[in-house]
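J.: Okay, handing you the structure first.
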Amino acid sequence: MKFDSILGTVGNTPHVKINRLAPDHVNLYVKIEAFNPLGSVKDRLALGVIEAAEKSGELKPGQTVIEATSGNTGIGLAMVCAAKGYPFVCTMAETFSVERRKLMRFLGARVILTPAAGRGLGMVNKAQELAKQNGWFMTRQFENEANADMHSRTTAREIIGDFKEKLDYWVTGFGTGGTLKGVGRVFEKEMPNTKIVLCEPAEAPMLTSGQAQERNDDGTPAKPHPAFKPHPMQGWSPDFIPKLTGDAVDMKVIDRIITIPNADAIKMSQELAKKEGIFVGITAGGTFAGALQVAKDAPKGSTILCMLPDTGERYLSTPLFADIPADMTEDEMKISQSTPSHQMKPAA
């Protein structure tokens, strides 16, 4: 298969059946967004917002692109900008994983860190300041309709193509809300019997709190949401409810919201790796934990599809890998010493 550039490989990610972790009475599938070229669902967003801005004339040739990101959107934008010849700058809170910074810089981006105390809103405000001061194009991932439009054109169509005969539940989380809104509005028209289940961190239950997000006139958050607390699910649930997520709530496309504890998200990411050979991040573990809750009570024969947003390699320096040693374990050392040659000495 030939492509004119790396950008032609965005999307068309596989739907994979879960065999060992799924209850016997349901058919549980996952959509593995790590198959996108830079390893996450945000590659779709990045390509969608840049091409929409080119088409509208908002983005001029050679103009610098800027965005606030926890990492995956920035990595996707760094790829798209590299392929198209735009300089890219991202702002990112210092709390997000080091490997994300390095990946963006490897792709030619400049990464401006913001203090941890400012959280997600702080990095957004910094990006807005820099865009205004320098005349840079800000992609505005949390409010940009081109984000949701891309998911309506690609993600929704891929799912319908494979599950048009039967899909009882679709389980997802939210970062910007672009996937949720873009797929949700297509399902509302074309697959109205599919129940949409949304997951959010138990430590940051902003939607389930019922408290409204204060917004500025342009849809950006006016202040952090009062129900937010820090959590390790990077890319999920910033410290505000994005406008695109709020739109999906207002559209009433969500049938159920499940809160996922940190420990469950981490555990299920590890279980997917060990028992299904599927290597994904903490947010993917979170949506999968939600899908298992849905599966537990679902009628016999139900078909469930769960979104897995990114690769586990984004989390090497996070709690997901905290218990994974670099040196040989005691058990591994015993295996090594069971034959005489090429034995490693125990670590000091």
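J.: Checking the cross-link filter: which lysines have an alpha carbon closer than 22 Å to that of LYS274, excluding same-chain neighbours under 8 positions apart?
T.: Partners within reach: LYS17, LYS31, LYS296, LYS334.
J.: Moving on. Please report the net charge: other residues with Cβ closer than 10 Å to the Cβ of MET333, K and R +1, D and E -1.
T.: -2
J.: Next question, about the same structure. Which whole-angstrom value gives the distance between the alpha carbon centres of the range 99-137 and the range 197-245?
T.: Taking the Cα centre of each part, the range 99-137 and the range 197-245 sit 20 Å apart.
J.: Tell me the Kirkwood hydrodynamic radius of the range 35-134 in angstroms, computed as one over the mean inverse distance between distinct C-alpha pairs.
T.: Averaging 1/r across every pair of different Cα atoms and inverting gives 13.5 Å.
J.: Placing unit charges on C-beta atoms (Lys and Arg positive, Asp and Glu negative, everything else neutral), compute the dipole magnitude of the chain about its Cα centre in debye, rounded to 20.
T.: 320 debye
J.: As a test of the formula, what do you get for the chain when each DSSP H run with n ≥ 4 contributes -39,500 (n - 2.57) and the sum is divided by the residue count, at 222 nm and rounded to the nearest 500 deg cm²/dmol?
T.: One gets -11500 deg cm²/dmol as the mean residue ellipticity at 222 nm.
J.: Take the eigenvalues of the Cα gyration tensor for the range 280-348, scale each by 5, and report the square roots as semi-axes in whole Å, largest first.
T.: In descending order, the three semi-axes are 39, 17, 9 Å.
J.: Rg to Rh ratio, the range 78-132, alpha-carbon atoms and Kirkwood radius?
T.: Across the range 78-132, the Cα-based Rg/Rh ratio is 0.99.
J.: Then there's this: State, in angstrom, two size descriptors of the range 1-87 derived from its alpha carbons: Rg to one decimal place and Dmax to the nearest whole number.
T.: So, for the range 1-87, Rg and Dmax equal 16.4, 55 Å respectively.
J.: Post the alpha-carbon centroid distance, the range 21-38 to the range 58-91, in whole angstrom.
T.: Cα centroid to Cα centroid, the span is 29 Å.
J.: In whole Å and largest first, what semi-axes does the C-alpha gyration tensor of the range 213-334 yield when each eigenvalue is scaled by 5 and square-rooted?
T.: With the √(5λ) rule applied to the range 213-334, the semi-axes are 32, 21, 11 Å.
J.: Provide the net charge surrounding SER56, with neighbours chosen by a C-beta distance below 14 Å and charges set as Lys +1, Arg +1, Asp -1, Glu -1.
T.: Charge balance near SER56 sits at -2.
J.: So for the range 154-306: antiparallel DSSP bridges make up what percent, rounded to the nearest 5?
T.: The antiparallel proportion sits near 10 percent.
J.: Long-range amide H contacts for TYR29: which residues qualify at under 5 Å (H placed 1.01 Å from N, peptide plane, sequence gap of 5 or more or a different chain)?
T.: Residues meeting the criterion, in which the H sits 1.01 Å from N, are ILE18, ILE304, LEU305, CYS306.
J.: With +1 on the Cβ of every Lys and Arg and -1 on the Cβ of every Asp and Glu, and nothing else charged, how large is the dipole of the range 170-218 about its Cα centre, in debye rounded to the nearest 20?
T.: In debye, rounded to 20, the range 170-218 gives about 260.
J.: Once phi is turned into ³J(HN,Hα) by the Karplus curve 6.51 cos²θ - 1.76 cosθ + 1.60 with θ = phi - 60°, what whole-Hz value does each residue of the range 74-80 show in order, with x for glycine and proline?
T.: My calculation for the range 74-80 gives x, 5, x, 5, 4, 5, 4 Hz in order.
J.: Which label belongs to the value computed from this structure, given these candidates for Rg and Dmax of the Cα atoms in Å: [x] 20.6, 72; [y] 20.9, 68; [z] 19.6, 63?
T.: Given [x] 20.6, 72; [y] 20.9, 68; [z] 19.6, 63, the structure-derived one carries the label [x].
J.: Given the range 178-237, report the % of alpha carbon pairs whose separation exceeds 14 Å.
T.: Here the tail beyond 14 Å accounts for 67 percent of pairs.
J.: Ok, one more. Leaving out ligands, DNA and RNA, and with a 1.4 Å probe, what % of the accessible surface on the chain is carbon or sulfur?
T.: 51 percent
J.: Sticking with this one: When ligands, DNA and RNA are left out and all protein chains stay put, how many square angstrom of accessible area per residue does the chain have with a 1.4 Å probe?
T.: 46 Å²
J.: Around GLY285, with a cut-off of 10 angstrom between Cβ atoms, what is the net charge of the other residues, counting Lys and Arg +1 and Asp and Glu -1?
T.: Result for the neighbourhood of GLY285: -1.
J.: Taking H placed 1.01 Å from N in the peptide plane, check which residues at least 5 places from ILE260 or on another chain put their amide H under 5 Å from its amide H.
T.: When sequence neighbours closer than 5 places are left aside, the close amide H contacts are GLU200, ALA202.
J.: Still on this structure, please answer the following. Over all distinct Cα pairs, what is the inverse of the mean 1/r for the range 3-52, reported as the Kirkwood hydrodynamic radius in Å?
T.: Mean inverse Cα-Cα distance, inverted, gives 12.5 Å.
J.: Which cross-chain or sequence-distant (5 or more) residues have an amide H under 5 Å from the amide H of THR114, H modelled 1.01 Å from N in plane?
T.: Amide H to amide H, under 5 Å and 5 or more residues apart or across chains, THR114 pairs with MET92, ALA93, GLU94.
J.: What list of ³J(HN,Hα) values in whole Hz, one per residue of the range 170-186 in order, does the Karplus curve 6.51 cos²θ - 1.76 cosθ + 1.60 (θ = phi - 60°) give from phi, with Gly and Pro shown as x?
T.: 10, 10, 8, x, 9, x, 8, x, x, 5, 4, 5, x, 6, x, 6, 6
J.: Using a 1.4 angstrom probe on the protein heavy atoms only, could you order HIS231, HIS25, HIS342 from most to least accessible area?
T.: HIS342, HIS25, HIS231
J.: Just order 82-88, 321-327 by mean Cβ neighbour count inside 10 Å, highest at the front, would you?
T.: 82-88, 321-327
J.: Does the range 116-181 come out rounded, prolate or oblate, given a ≥ b ≥ c as the square roots of the eigenvalues of its C-alpha gyration tensor, rounded meaning a/c under 1.5 and, failing that, prolate meaning a/b above b/c?
T.: oblate
The values are calculated or read from the model by the stated rules, or taken from the named source; none is laboratory data. Quantities reported herein were computed from a predicted structural model and do not represent experimental measurements. Don't worry about glycine lacking a Cβ; one is built from the backbone with ideal geometry, like all the others, and counts go over all protein chains shown. Heads up: the accessible areas ignore ligands, DNA and RNA and are worked out on the full protein's heavy atoms, side chains in. Shrake-Rupley method; radii C 1.70, N 1.55, O 1.52, S 1.80 Å.
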